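Report on the structure given below.
The values are calculated or read from the model by the stated rules, or taken from the named source; none is laboratory data. Just so we're clear, the structure is a prediction, and the values are computed from it rather than from any experiment. Ideal geometry is used to build each Cβ from the backbone, glycine not excepted, and the neighbour counts take in all protein chains shown.
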Amino acid sequence: MTFMVAVSGKGGTGKTTFSALTVDYLVKNTGKAVLAVDADSNANLDLAMGTEAGKTVGSIREYLTDNISRMPAGMSKEVWVETLMQQALVEEKGFDLLSMGRPEGPGCYCYLNNIFRRYLDIMSGHYQYVVADNEAGMEHLSRRTTRGVDIMFIASDPSVRGVRTALSIRDLARELKLDIRRMALVVTRVRDGLPENLRAIAEEANLEVAGVIPEDEMVREFDEQGKALADLPEDSSARRAVNRILDAYLDLES
């Protein structure tokens, strides 16, 4: 049974940092292969994980659309898609990475999207854990078919606007009728604990607060130097905070 963690939130809230540390947490604590999915059109989960994504699902879709008449003889579209998708999968020690890339352009992609959906569901089923770094619009999550999301963490900065944006993301997920079993707020870059007014906004809207992640100078330094955020040391305050949240929300013994 695959356990799927989704991370959402608007840009600049630290959701990619949270996603990268979640992948690293699962690799270190489970010994199971983890699939990391970069579903943000502004893709940089690969850099946060210390690797480099080559092809993306979006670029493959564009290529197939422009070259459908050049499909190899004797090969079905489904097999061709699977072959190209394997080329987009980055295999690293302990985890694999798949970058979704930008949303499609103005062409017709319905048939190819159905193939991609089926293949992504099949691919996800080969992993014990899947971590998806999503953009606020959650376009890629809305295309999933058979496999739901066990927990979605919604990242926000410590501001009223940020928390209200997180609530809008929660409401969008409900409006799209996505199969998300649990949603919780994570407030990042906090200096002195979660302000009571922000906690009150979340509680009034019935959005549980998973925890807070403090402002961490190490994160800024790693970003400035282009270092992989997954390599943050164990005494990093951001890593410790993420670990506490994941200890509470991920039952690794079940």
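Checking each residue of the stretch 60-74 against the condition of being in a loop (DSSP other than H, G, I, E, B) and in contact with a strand residue (DSSP E or B) (Cβ under 7 Å, 6 or more places away or on another chain) gives no match. The set of residues from the stretch 150-191 being touching a Pro at 6+ places or on another chain (Cβ under 9 Å) and at positive phi comprises just one member, ARG189.
Only one of the listed residues (LYS55, LYS32) is among the charged types (D, E, K, R) and touching a strand residue (DSSP E or B) at 6+ places or on another chain (Cβ under 7 Å). That residue is LYS32. Quick one: in the stretch 169-197, which of the residues that are assigned to a helix (DSSP H, G or I) and in contact (Cβ under 8 Å) with a residue 24 or more places away in the chain is farthest from ARG240 (Cα to Cα)? My answer is LEU172. Every condition in (1) more than 28 Å from SER159 (Cβ to Cβ); (2) not in a helix (DSSP H, G or I) holds for GLU78 except the one numbered (2). Pairing each residue of the stretch 70-81 that is under 13 Å from ILE60 (Cα atoms) and among the β-branched types (Val, Ile, Thr) with any residue that is surrounded by 10 or more Cβ atoms within 10 Å (Cβ to Cβ) and at pLDDT below 75, provided the two are 6+ apart or on different chains, yields C-beta distances under 7 Å for VAL81/ILE115; VAL81/PHE116; VAL81/TYR119. Has the stretch 133-155 got any residue that is at pLDDT 90 or above, part of a loop (DSSP other than H, G, I, E, B) and under 30 Å from LYS77 (Cβ atoms)? Looking through the stretch 133-155, none of the residues is at pLDDT 90 or above, part of a loop (DSSP other than H, G, I, E, B) and under 30 Å from LYS77 (Cβ atoms). Regarding ILE201, is this residue buried (at least 16 other Cβ atoms within 10 Å of the Cβ), in a helix (DSSP H, G or I), touching a Lys or Arg at 6+ places or on another chain (Cβ under 8 Å) and among the β-branched types (Val, Ile, Thr)? Against the criterion (buried (at least 16 other Cβ atoms within 10 Å of the Cβ), in a helix (DSSP H, G or I), touching a Lys or Arg at 6+ places or on another chain (Cβ under 8 Å) and among the β-branched types (Val, Ile, Thr)), ILE201 qualifies. For VAL23, the conditions (1) touching a residue at least 12 places away in the same chain (Cβ under 8 Å); (2) out of contact with any strand residue (DSSP E or B) (no Cβ under 6 Å at 6 or more places or on another chain); (3) part of a helix (DSSP H, G or I); (4) not aromatic (Phe, Trp, Tyr) are fulfilled apart from (2).
Of the numbered criteria (1) free of Cβ contacts under 8 Å to residues at least 40 places away in the same chain; (2) of a type in the set (Asp, Glu); (3) crowded, with 24+ Cβ neighbours inside 10 Å, the one ASP38 fails is (1).
Residue selection: ALA200 fails the criterion of being hydrophobic (A, V, I, L, M, F, W, C) and touching a Gly at 6+ places or on another chain (Cβ under 8 Å).
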